[in-house]
Amino acid sequence: MSKHSYQSVAAARRNVPHGPNHGYYLAQRPPEDPELTHVGPGTACGEYWRRFWFPFEMTEEVGDLPRRMRILGEDLVVFRSRDGDYGLLHLHCSHRNSSLEFGIVENDGLRCCYHGWKYAPNGKVLETPGEPATSKIKDRICHGAYPVHEYKGLLFTYMGPPDTVPPFPVYDTFDLPGHELVPYRISYPCNWLQVAENTMDPIHTVYLHTRVSNVQFEPTWGVTPMIEFHDGDQHLYSTLTYRWGDNIWVRTQQTVFPSFSGVGAFWEDATKEKVFFRSSITKWTVPIDDTHCMIIAWRHFGEGIDPDGRGKRDEVGVETVDFEGQTEQRSHYERQTTPGDYEAQVSQGAISSHASENLGSTDKGLMMLRRRLRMGIRDVADGKLPPRPDPDDAEIPLYIQDTVMTVPQTPGEDDEALMKSVTDAVMEVVIAGDALRGAARQDFIENGLRALKNDPRFDLSGVTKPDDVPVGE
Ligand code: FES
Ligand SMILES: [Fe+2]
């Protein structure tokens, strides 16, 4: 689809007459924006994606047999050699195209079933047994392969040019004290972007998850928060600030390009004070092809994340997770009466048509996200590399967190102004922690947030002693 057809249909739609019963003028549904949604080899967005490490599979899904996969529109096979090395190879044998899905796993590689060519995990041709012993064919060709990095139950790959492999990024939420990371993966029959942008669409939790489908979230979530979005060239974050009785709850959500994000506490009810509680989900939305994607992620379990034991560890795994509305595996009646993220995102169409949307002020986050993605895509098209993690930085700090503070409303005063000043003060402390790493950062932020109780700006002395406020683990 040419850029021209997308832009011209979108422009024509904006100029139709508006009024009741005017469906006739809107009947032609504009096509998708290919620059942001098409991910196959050689596409603009596909090239962008091929500059990052991202997970593509759960380690436990790779057993003794090769496993056929599709990632970024490419047909691939993943296997673990008997020596324990992972390989991600182009699906079709370099000899005569038979699928390596039917290959034989050996100690040092994968052997094609048809004529026995054998490939190392890095694509090197190890043997061509039907050829004469003097044949040099195996030295002349190399089978298509991508590097694989196994990390905490997920397999990551980088599918771009081999001379520009970025350092593998490790974020602070990958290793939090007391957190157990349980991998899961869920497939969606739709484009990656409409699933990935959910993290920058915080208002949906008020409607979809609380007022419409009150099956999981606490009543607090039905309160419309004060929302602020913050732009950046490597990540975006939003702050959601809720007033709940005498408490103010400041939640920070974050997306790191292209689609990495974290989700704070699920079942936060904002009734108890706490500072700097961290992720309950760490996730990537990964394109399978233009019309399919997957969330591949860790659910965090541990004391403090799930204090009432509501998380169900045994429901987390392949195509399943322990919160409702994330898969198609419910009756159509349930999906209609208590729709979840799956229904809201997949139903936008195989590839959502941005030209038929009408975005409002609460959509500012996804507008920022699309704009930044487009800038990144165009930079890569111009030969630039996206910002890379510092190879000497063992841990990249994220802002994802929940803090609840008792800050009563002052009668006659502007409560929104108070909520905003508390939010700004919380983020000032969290961002100041960027200079530190590990336990030193954690202590600095926790102490800084507790100290806000004594901050003259809020006059909170006597509400709670700073040391009584529990901290995230
Ligand atoms: S097709 Fe694979 S070895 Fe011939
Ligand atoms: Fe959601």
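The values are calculated or read from the model by the stated rules, or taken from the named source; none is laboratory data. Keep in mind that this is a model prediction, so the values were computed, not measured. Cβ sites come from the backbone with ideal geometry, for glycine too, and all protein chains shown count toward neighbours.
Observations on the model:
- Unmet requirement for V125, which otherwise passes all of (1) among the β-branched types (V, I, T); (2) within 22 Å of F54 (Cα to Cα); (3) assigned to a strand (DSSP E or B): (2)
- Complete set of residues in region 87-123 that are farther than 22 Å from G63 by Cα, surrounded by 14 or more Cβ atoms within 10 Å (Cβ to Cβ) and either within 16 Å of ligand 2 (Cβ to nearest atom) or not hydroxyl-bearing (S, T, Y) (or both): H95, H115
- The requirement of being among the acidic types (D, E), within 16 Å of ligand 2 (Cβ to nearest atom) and at pLDDT 95 or above is fulfilled somewhere in region 188-204, by at least one residue.
- Filtered residues of region 39-66 (kept if of a type outside the set (A, V, I, L, M), assigned to a loop (DSSP other than H, G, I, E, B) and either under 20 Å from L155 (Cα atoms) or within 18 Å of the chain's Cα centre (by Cα) (or both)): R50, R51, F52, G63, D64, P66
- When T423, T406 are screened for being under 16 Å from A270 (Cβ atoms), modelled with pLDDT under 95 and surrounded by 13 or more Cβ atoms within 10 Å (Cβ to Cβ), only T406 passes.
- Residues being away from ligand 2 (no atom under 11 Å from the Cβ) and either among the aliphatic types (A, V, I, L, M) or assigned to a loop (DSSP other than H, G, I, E, B) (or both) - total across region 337-363: 14
- Taken together, the residues in region 290-330 that are modelled with pLDDT under 95 and within 16 Å of ligand 2 (Cβ to nearest atom) amount to 9.
- Pairs meeting the criteria (first residue in region 344-360 and closer than 16 Å to D201 by Cα, second residue surrounded by 17 or more Cβ atoms within 10 Å (Cβ to Cβ), beta carbons under 6 Å, at least 6 apart or on different chains) are A344/L208; Q345/Q194; Q345/V195; V346/Y188; V346/C190; Q348/Q194; S352/Q194; H354/D33.
For every residue, the table says whether it meets (1) of a type in the set (K, R); (2) within 16 Å of ligand 1 (Cβ to nearest atom).
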{"residue": "S81", "(1), (2)": "no, no"}
{"residue": "E106", "(1), (2)": "no, yes"}
{"residue": "R111", "(1), (2)": "yes, yes"}
{"residue": "P121", "(1), (2)": "no, no"}
